[in-house]
C-alpha cells in the first residue's frame, strides 16, 4: 500500500471514530423505543416531546441560553478591549498580561472550577446569577482575546494613525475605521464565546448552586438513570454547535472555518 | 502658514538615541527631503511632525504655531505612507471623503471636493472602486488625494514611491513634483532612495544615526558632500586620503592627484572625493588597471585598480569598448572636479587610505 492511501485510510478511520458516536446519538434521539437501543426499532419524536414537555428541561434551556447570551456579550466587550490593549499597547508586561487572559483556555477546567468555587464563596457570590455569569465570562473571554487579537495584529496600525492625521477623533476612528474592519472577527469571536458558554459543564457544576443549565442537568440526569431524552438534548446541542460552526465559516468566508483564528 | 521649524528636537528610546538635537527649517512651499539609511531616524522625524510620536526634547513649529504637544488631529497635515494605508472597507470616494466627513462638511461640498481631488490625481471615474481593485500606482494616488483634499498646511510623504516599480516611479515623481508645485504646499519627504531625493527636492537633509550630516540643494550636496558618509551615501564616490601639496593630493603610495587646495595648509591630511563621471580616461595623472565593466544600459561603469591597490570606478564615454582585464589605463580629472571633504578626514568612519568605498546606485 502506498503511503498516500495509507494516510487516507488513517484519516478516514479517525473521522469515523469521531463521527459515528455523534451519528448514533442523533439517530437514537428519533427512536420510538423506551430505552437506549441501536438500531432503533422505529422512529418517533417522543424524546423531543419528553424534553420540551418537561418544564425543568425547558427552564434549563432558557437558563443556558440567557447565560450564554449575557456572558458572551460581556466577554466580547471586555475581551476586545483587552485584545486591543495587549496588541497595540507599548507597556512592559504585555505578554504576561495576555498569557494571564488566555490562561482559562489552557488550564484544566477542574482547576478553574475549584479556584472559582473558593473565590466566589469568599466574596459571597457562590450560587448567584452574577457569580455564574462572571465565571462564564472568564471562560469565554480567551476565545475573544485570541480571535480579535489576531485580527487587530493583522490590521495595519498605520491605517489607524492615518485616520488621526486626517482629523478623526479616537471615537470616529474606532467607529468608522477599526470596527468595520474587525466586524467579521468580532462576530466569529462572539459565536465562539457563546458556544463555549453554552457547552460549559465543569465550572458550572461547581459554582451554579441551584441554577441549572442544560449540560449541568444532563450530567446530573446521567448519574441517576440513562434516559433516551438525553439523546434528544444532545442532538439539540450538536445542532447549536453545528450552526455556530457554519456561521463562523460563512463569516470568515474563504479564510476557512478557523481562518479568523489563524489570521489571513 | 506652512513652514516647519525644528528647534532642538531629540528623540530617545531608553538609552537609544533615534534623533539628536535636530534644528532645521522648511520654508513655505518648499520640498525638503530627509535622506538616510534605514535606522537613521528619518521616519521618527516624520512621525514627530505628524504627532504620532512625541519628541523627548525640543519643539516643532508649523506656521509659527508650537505643535509639539498637539494631537495629530489638530496639526493640519496630510500624510502618505509607503503602504498607502487606505481604508480597505471604504470605496475610493469614501476614502477621499473621510477627512471631510469627520469634520462634518456638508454632503454637497464633500462630493464636489472629492471629485476635484480625484480629478487632480487623474482618477476620475474610479470613485466607486475598492482599494483592493486598484493597482499600486492608483492606490498611491488615492492616498495622495485623501491627504490633500482637506487642504492641509503641510504634506508628509513616507517613502511614497517605494512600493512602485521603477518605470512607474519616475512617472509618479514627475506628477508629484508638479502637483506639489501647483499647490505650493510645504512638503517633507522621507526616503532612503537617493534618486527620489535628488529628483524631487528643493533641498536635501542627509541624516545618519539620528544626526544631520548635511543640508543643501541636491546638486550642492552631491557635488560638495560635507563628509565621507554623505559622499558615499549619495551616488558613487571615489575617495582618496593623502596629504595636500602644491599640485594636489599626495597619496601614501606616491601618486599626485589633481585637486584645489582651497587655501588649506600644505602637508595637512585630507580626503579627496571624485565622482565617476568626472574621471577622464586617457588623460594623464594616475594610472590604473582595468578590472571589469558593469553595463547599465544608458551607461557603463568601469571598475579599476591602481598600482597601489586603490580601487576606483569611472564612467567611460558612451560607446566605449571595455579593454581586457589588466589593461593599464591612464586617467585623470580636472582639478576643480576633485572635492576635498571639509573636515579633512572623518574620524567616525575610518577607511584605508586610497580605498574608495563604493555604494551601488
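The values are calculated or read from the model by the stated rules, or taken from the named source; none is laboratory data. Predicted model, so just to flag it, every value in this text is computed and none were measured. Note: ideal-geometry Cβ built from the backbone for every residue, glycine included; neighbour counts use all protein chains shown.
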Restricting to region A:107-126, give me the number of residues that are under 25 Å from residue A:147 (Cα atoms) and free of Cβ contacts under 8 Å to residues at least 24 places away in the same chain.
3
Is there a residue being part of a helix (DSSP H, G or I), surrounded by 15 or more Cβ atoms within 10 Å (Cβ to Cβ) and in contact with a helix residue (DSSP H, G or I) (Cβ under 9 Å, 6 or more places away or on another chain) anywhere in region B:41-60?
yes
Do you know which residues across region B:334-356 are farther than 16 Å from residue B:270 by Cβ and modelled with pLDDT of 85 or more?
B:334
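Which of the residues spanning region B:140-189 are touching a strand residue (DSSP E or B) at 6+ places or on another chain (Cβ under 7 Å) and over 20 Å from residue B:26 (Cβ atoms)? Full working, then the answer.
In the first step, residues of region B:140-189 are kept if they are touching a strand residue (DSSP E or B) at 6+ places or on another chain (Cβ under 7 Å); the result is B:143-144, B:147-148, B:152-160, B:180, B:185-189.
Hit for region B:140-189 is B:143, nothing else.
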Residue tally, condition more than 13 Å from every other protein chain (Cβ to nearest Cβ), farther than 17 Å from residue B:78 by Cα and in contact (Cβ under 8 Å) with a residue 12 or more places away in the chain, over region B:112-162
12
Residue match in region B:271-280 (condition: more than 15 Å from residue B:335 (Cα to Cα) and outside the structural domain of residue B:192 (by TED's automatic domain parsing)):
no
Counting just the residues of region B:61-72 that are within 14 Å of residue B:153 (Cα to Cα) and touching a residue at least 12 places away in the same chain (Cβ under 8 Å), which one comes out farthest from the other protein chains (Cβ to nearest Cβ)?
B:64
Considering region A:16-45, residues that are over 23 Å from residue A:242 (Cβ atoms) and in contact (Cβ under 8 Å) with a residue 40 or more places away in the chain, and then whichever is surrounded by the most Cβ atoms within 10 Å (Cβ to Cβ), we arrive at A:33
Please give the number of the condition residue A:153 fails out of (1) more than 22 Å from residue A:72 (Cβ to Cβ); (2) within 14 Å of chain B (Cβ to nearest Cβ).
(2)
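Quickly run through region B:260-301 and pick out the residues that are assigned to a loop (DSSP other than H, G, I, E, B) and on the phi < 0 side of the Ramachandran plot.
Just the residues of region B:260-301 that are assigned to a loop (DSSP other than H, G, I, E, B), to begin with: B:260-268, B:275, B:279, B:296-299.
Hits for region B:260-301 are B:260, B:261, B:264, B:265, B:266, B:268, B:275, B:279, B:296, B:298, B:299.
For region A:149-209, list the helices (runs of 4 or more DSSP H) that sit wholly inside it and hold at least 2 residues that are under 21 Å from the mean Cα position of the chain (by Cα), modelled with pLDDT under 95 and more than 21 Å from residue B:54 (Cβ to Cβ); which are they? Working first, answer last.
Details: elements: A:157-165, A:170-173, A:179-199, A:202-207.
Hits in region A:149-209: A:179-199, A:202-207.
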Hey, among the residues in region B:88-108 that are within 18 Å of residue B:130 (Cα to Cα) and crowded, with 22+ Cβ neighbours inside 10 Å, which one's nearest to the other protein chains (Cβ to nearest Cβ)?
B:99
Can you tell me which residue within region B:73-87, out of those that are more than 8 Å from chain A (Cβ to nearest Cβ) and touching a strand residue (DSSP E or B) at 6+ places or on another chain (Cβ under 8 Å), is farthest from residue B:117 (Cα to Cα)?
B:82
Quick check on residue A:74: is it farther than 23 Å from residue A:137 by Cα, outside any loop (DSSP other than H, G, I, E, B) and either in contact (Cβ under 8 Å) with a residue 60 or more places away in the chain or touching a helix residue (DSSP H, G or I) at 6+ places or on another chain (Cβ under 9 Å) (or both)?
no
